[in-house]
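Q: Next up is a structure, given as structure tokens.
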Amino acid sequence: MKKKRVSWLVPLVCVGTLLVQSNFARSVLSAELPVKTHDTRPVKQGGTLHVGMVSDTSFKGVFSRELNNDAATTTATSFAVPGLYRGNKNYQYVKGGLADLTFDWQKKTITAKVSPKARWSDGKPLTSRDLAFSYEVLGNKDSGSGRYNESFEEIEGMKEYHLGQAQKISGLEEKDAKTLVIHYKAMHPAMRFQGSKYLSGTALPYHYLKDIPMNKLAASDELRKKPLSYGAFAVKKIVPGETIEYVANKYYVKRPKLSKLTFEVVSTAQAAAALKAKKFDMLLEEPSGVYAKVKDLKDFTVLGQKDLAYSYLGFKVGHVDQAGVSQMTKGAAVGDRTLRQAMAYAMNVDQVLKKFGYGLSYRATTIVPDAFGKYHDSKVKGYPYDMQKANTLLDKAGYKRQKDGYRTRPNGKPLKLKLLASRGSKDFEAIVQNYLEQWKKLGVRVELVNGRLQDYHTVTDKVLNDSHDFDMWMLGWSVGAEPTMHALSYLPKAPYNFGHFATKENTELIDSFTRSPKAFNQKYLLQQFYKWQAYMEKEAFILPLSNDYATVPVAKDVAGVTLENGKDYYMWSEVGFTK
């Protein structure tokens, strides 16, 4: 479950980290790839753009950032439901979006002003009520939103609303039809950036959805079959999980040059052939194996840049209590940090990426991708392959190897672990088998849940709902553009704390760079953020495996495509075919 991709593929909507299927390597050397199409010829009006997305599973198709959890759906729906607020190349909020933000650090408010030109695809104006409704859906327990997190509780009255103690969120002030003032208990440095989890970056059509009960909203036809749009394109027809036919949204603030856009899922096995046959004008979520087959096609240009995402192996060290709070589980099969560290050293990640990354990927060392520059602690080295060290760690910790080659726990009981991972490309399946063999060499018995790789949605459902039939899982993170906010996913109340790791030290470290007033000082923020990355490395309940580059093949007769944040906000109005 990885794939942030570029900002217009998964808009920076500020409501949490996305679940993505882990295909490991899709990267390329950035110096060799352009970040935008070479546009010298004029663009004609009209035409249908055919967009493919490489995936070996369907997308869920909920047209709501507040209610969908998978990056595939976010990509599929981004043409209709983009981010409201515009950012510059550094992901800092700037004016000029469908709505603009104004910060008052003294009064502890953020004011969202909706553009007078912004409308829904049914012609109704986009209003402050629609913005407020987004927060109400996020915070309502009955909606089932996985994006709610403790950061939203900085909004006055949000916690009480979430707990069912209040009917409204007192901190949301609808000043007029176009102005929403959000009142906070405290202001934080990260609020200035896209991807911070203190804001919802999208809207929901209150006039269209207001009569649907919160617990039925995600499954409603209004969000799955007949959704409204405030983006460049409006939905005409949907084949659930497979295709979406879009038409230009005549009410969008900048009428698109294209008349239509079709979006279709294509399997990894068929993607290269489909592109060679010119079935698609653009291919999203391209795995490295597909890139290797299509990079030299004369009719396409491959764009690329570093991905704000990583693949990882997670260990389930805790559980969720009745209040929905993560607690460490005493006696958990993978609760011993030494065991987790040893299993990490036994993984030959560099060798795997050399073989299956087509020379394009590199081993991740921390859970903060190096695409974040100075926020990534380069002194943290992670767990390079060292089987001797892995064996020594377990030997000293009392994991005794038996006649069958497998080890027992220090208490003498059998050590048998279950791994949860999703079906994917043949390369990924080979990678999983490789790691199972590596752990076997270490003397640790690891088997797949039910003896096989699972459907992607089965995996996400299990990790989201605290299933008890696995000890480890392999997925990926698509992180927001503000690097420190990713840490909030590892707090005790965070829905995406899948390993349910919960310690006082972890919470205090995260608070120090996300909530403390001292964090307005950049030097202090980086110091604490580095400490947290080192702590996460030591605890090893999340093992980052690979970083890479996102690549997007685009037909050479298509103009207006860019991966540059800040220049891509109105991109889908500008994309078209050259004359």
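Q: Any residue at all in the stretch 162-180 that's assigned to a loop (DSSP other than H, G, I, E, B), open to solvent by 10 Å² or more (accessible area, probe 1.4 Å) and touching a residue at least 40 places away in the same chain (Cβ under 8 Å)?
A: Yes; the residues of the stretch 162-180 include at least one that is assigned to a loop (DSSP other than H, G, I, E, B), open to solvent by 10 Å² or more (accessible area, probe 1.4 Å) and touching a residue at least 40 places away in the same chain (Cβ under 8 Å).
Q: Looking at the stretch 398-416, can you tell me whether even one residue there is within 30 Å of Gly289 (Cα to Cα), at pLDDT 95 or above and not aromatic (Phe, Trp, Tyr)?
A: No: the stretch 398-416 contains no residue that is within 30 Å of Gly289 (Cα to Cα), at pLDDT 95 or above and not aromatic (Phe, Trp, Tyr).
Q: Just checking, how many residues over the stretch 54-76 are of a type in the set (A, V, I, L, M, F, W, C) and either in a loop (DSSP other than H, G, I, E, B) or surrounded by fewer than 23 Cβ atoms within 10 Å (Cβ to Cβ) (or both)?
A: Residues flagged as of a type in the set (A, V, I, L, M, F, W, C) and either in a loop (DSSP other than H, G, I, E, B) or surrounded by fewer than 23 Cβ atoms within 10 Å (Cβ to Cβ) (or both) within the stretch 54-76 amount to 4.
Q: Could I ask something else about it? State which residue pairs qualify: first residue over 13 Å from Met536 (Cβ atoms) and inside the stretch 359-381, second residue aromatic (Phe, Trp, Tyr) in any location, beta carbons under 6 Å apart, and separation of 6 or more residues or different chains.
A: Cβ pairs passing all conditions: Pro369/Tyr310.
Q: State whether one or more residues within the stretch 394-407 are in contact with a Lys or Arg (Cβ under 9 Å, 6 or more places away or on another chain) and assigned to a helix (DSSP H, G or I).
A: Yes - at least one qualifying residue is present in the stretch 394-407.
Here is a yes/no grid of residues against (1) out of contact with any Leu (no Cβ under 7 Å at 6 or more places or on another chain); (2) part of a loop (DSSP other than H, G, I, E, B):
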| residue | (1), (2) |
| --- | --- |
| Ala342 | no, no |
| Gln351 | yes, no |
| Lys354 | yes, no |
| Asp377 | yes, yes |
| Pro384 | yes, yes |
| Gly412 | yes, yes |
| Lys418 | yes, no |
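Q: Here is a follow-up. Can you pull out every residue in the stretch 106-155 that is among the small types (Gly, Ala, Ser) and open to solvent by 40 Å² or more (accessible area, probe 1.4 Å)?
A: Residue satisfying the conditions is Gly144 alone.
Q: Please work out which one of (1) assigned to a helix (DSSP H, G or I); (2) in contact with a Phe, Trp or Tyr (Cβ under 7 Å, 6 or more places away or on another chain); (3) not aromatic (Phe, Trp, Tyr) is the condition Asp461 fails and give its number.
A: (2)
Q: Right, another one. In the stretch 356-375, which residue that is assigned to a loop (DSSP other than H, G, I, E, B) and among the hydrophobic types (A, V, I, L, M, F, W, C) is farthest from Gln527 (Cα to Cα)?
A: Out of the qualifying residues, it is Leu360.
Q: Looking at (1) farther than 29 Å from Pro125 by Cβ; (2) under 26 Å from the mean Cα position of the chain (by Cα); (3) basic (Lys, Arg), which is the only condition Lys185 fails?
A: For Lys185, the failing item is (2).
Q: A further question follows. Grab the strands (runs of 3 or more DSSP E) fully contained in the stretch 249-323, keeping just those with 3 or more residues being open to solvent by less than 30 Å² (accessible area, probe 1.4 Å).
A: 260-266, 282-284, 300-306, 309-315
Q: Scan the stretch 261-275 for residues that are under 27 Å from the mean Cα position of the chain (by Cα) and at pLDDT 95 or above and jot them down.
A: Leu261, Thr262, Phe263, Glu264, Val265, Val266, Gln270, Ala271, Ala272, Ala274, Leu275, listed by residue number.
Q: So, one more: Kindly list the number of the only condition in (1) open to solvent by 50 Å² or more (accessible area, probe 1.4 Å); (2) under 16 Å from Met343 (Cα atoms) that fails for Gly451.
A: Here Gly451 clears every test but (2).
Q: Given (1) at pLDDT below 95; (2) within 24 Å of Gly335 (Cα to Cα), where does Tyr456 come up short, assuming only one miss?
A: All conditions are met except number (2).
Q: Going through the stretch 457-480 one residue at a time, which ones are touching a Gly at 6+ places or on another chain (Cβ under 9 Å), closer than 24 Å to Asp307 by Cα and either open to solvent by less than 10 Å² (accessible area, probe 1.4 Å) or acidic (Asp, Glu) (or both)?
A: Selection gives Val463, Trp473, Met474, Leu475, Val479.
The values are calculated or read from the model by the stated rules, or taken from the named source; none is laboratory data. Note that the structure is predicted; figures quoted are calculated from it, not measured. Positions of Cβ are generated from backbone atoms using ideal geometry, with glycine treated the same way; all protein chains shown enter the neighbour counts. Accessible surface areas use protein heavy atoms only, side chains included; no ligands, DNA or RNA. Shrake-Rupley method; radii C 1.70, N 1.55, O 1.52, S 1.80 Å.
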